[in-house]
């Protein structure tokens, strides 16, 4: 097997060194802020299995750069709101660290949930589940 130039762990560490990270307890305290947009980048099956942060916006990791870019045909209006605080999360904070670093490189201001959804419920964060019909 060929040796990689950079490991995934190093990529995450490099991203975390240059982005804003939010602790679980701090994001829980921010949930009532009407200017907060929590963006869940996990796979839809993860959301179905583990639940999600109520009111979070689901944006699959594979589409996020296109959904954020106003010049993309896939742009989503939610990302065009200038007065919002965007916090991205995944399950353990790895994918969201990489996502936030990439978006920062694009000029999009965002933070990420440092430990991801993995500690959310344990620390008192509310969890919702999709309707059985969806």
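Just so it is clear, none of the values below were taken in a lab; they were calculated from the coordinates. All values derive from a computational prediction rather than experimental measurement. Cβ atoms come from the backbone with ideal geometry, glycine included; neighbour counts cover every protein chain shown.
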**Message:** Could you order the peptides 123-129, 22-28 from most to least packed, using the average number of other C-beta atoms within 10 Å per residue?
**Reply:** 22-28, 123-129
**Prompt:** Can you give the % of DSSP beta bridges in the chain that are antiparallel, to the nearest 5?
**Reply:** 10
**Fill in**
Neighbour-count ranking for 56, 96, 50, 7 (other C-beta within 10 angstrom, fewest to most) reads 7, 50, 56, 96
**Complete:** Residue separation between residue 33 and residue 13 times 0.36 nm, minus their alpha-carbon distance, gives in nm 4.3 nm
**Prompt:** Among 85, 100, what is the fewest-to-most ranking by other Cβ atoms within 10 Å?
**Reply:** 85, 100
**Distance between modelled label sites at residue 43 and residue 63, nm, 7 Å Cα→Cβ extension** = 1.7
